Ligand code: PEP
C-alpha cells in the first residue's frame, strides 16, 4: 500500500520569516496527517531550507527545489547535495517544468541529478509532463515515456525504490486549467507501466503524484484515482489555511 504524499512547492515565494511561520503553523497538521498515514512536505527556497527544517515537525518532508549533480566545483549559483545534507535535507525536486523551460534542465541533466541523489540515499521527486502543444498533438505519452526512460537511464530497481515521480502537465501548472481526473489517472497508470518495464515489480511501490492547479476543492478527486498517490501543489500550498484544506480534503 503506497502512502499518500502531499508536497507543496513554494517556488520563488516567501521570505525566510514567512517560511518559518508556516513551518511552525504546520506542526499540528503533520500530526494529523500521520494519524491518517499521509506524508506532508514543502519545498521552500534554498535560503529558507535551514530554518524550515529546524522549525517543522521532525516527520515533515522538507525538499529542495533543485540541486546540482556535482558535489562541489566551479558552478556559480548552484547548491550541491553535501550542502543540502549539511542541513538534514534529504529530498529534492528534479526537472520541474519551470526549470526545464527557463534553465535548460534536460532529461540528461535530470538523469545526472537523480543518479547523484540516489547514490547519497536522497529522495528525488522527478517531475515530468508535456507542454500544451505536445498535448494538443497527442504526444503526451511519447513525451512522458522519454522523460522517464532518459531521466532514469542506467538506474536499477534498488536505486529507484524510494523515488517519487510527479506528473505535471505543463499547461496546467499555475494556469487554473486542470487536467481531468481521467487524464491524470491514465498518464499516471502509463508512467507506472513504463516504470514496470524498466524496473519490474518495484514500480508498484513508487509513488506517482499529480500536479497542476490542484486546490482544496479538487484534490480529493485526483487522490481517488488508483494510480495517483498524492499531489505536488504550487499556488494552493502557499497559505497555511489552503494547505490545511488540501490535507483535510484527502483525509
Ligand atoms: C507546481 O509548481 O509544481 C504546481 C503544480 O503549481 P500549481 O499548483 O500552482 O499549478
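The values are calculated or read from the model by the stated rules, or taken from the named source; none is laboratory data. Small disclaimer: the values here were computed from a predicted structure and weren't measured. Note that we place each Cβ from the backbone using ideal geometry, even for glycine, and neighbour counts take in every protein chain shown.
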Per the list (1) more than 21 Å from residue 229 (Cα to Cα); (2) more than 12 Å from the ligand (Cβ to nearest atom); (3) surrounded by fewer than 20 Cβ atoms within 10 Å (Cβ to Cβ); (4) in contact (Cβ under 8 Å) with a residue 12 or more places away in the chain, residue check on residue 123 breaks on (1)
Of the conditions (1) closer than 28 Å to residue 247 by Cβ; (2) without any contact (Cβ under 8 Å) to a residue 40 or more places away in the chain; (3) surrounded by fewer than 20 Cβ atoms within 10 Å (Cβ to Cβ), the single one that residue 38 does not satisfy is (2)
Filter segment 203-223 for residues that are out of contact with any strand residue (DSSP E or B) (no Cβ under 7 Å at 6 or more places or on another chain) and more than 14 Å from residue 180 (Cβ to Cβ); the one that is nearest to the ligand (Cβ to nearest atom) is 215
Listed by first then second residue, the pairs whose first member lies in segment 149-162 and is under 14 Å from residue 126 (Cβ atoms), whose partner is modelled with pLDDT under 95 and loosely packed, with under 15 Cβ neighbours inside 10 Å, with beta carbons under 8 Å and at least 6 positions apart or on separate chains, are none
Filtering segment 237-251 down to residues that are in a helix (DSSP H, G or I), surrounded by fewer than 22 Cβ atoms within 10 Å (Cβ to Cβ) and in contact with a strand residue (DSSP E or B) (Cβ under 8 Å, 6 or more places away or on another chain) yields 247
Considering segment 239-251, residues that are touching a helix residue (DSSP H, G or I) at 6+ places or on another chain (Cβ under 8 Å) and either touching a residue at least 60 places away in the same chain (Cβ under 8 Å) or more than 14 Å from the ligand (Cβ to nearest atom) (or both), and then whichever is nearest to residue 15 (Cα to Cα), we arrive at 240
The residue that is surrounded by the fewest Cβ atoms within 10 Å (Cβ to Cβ), considering only those in segment 168-195 that are within 15 Å of the ligand (Cβ to nearest atom) and closer than 18 Å to residue 148 by Cα, is 183
| task | Go through the residues of segment 179-186 one by one and say whether even a single one is at positive phi, modelled with pLDDT of 95 or more and out of contact with any strand residue (DSSP E or B) (no Cβ under 8 Å at 6 or more places or on another chain). | result | no
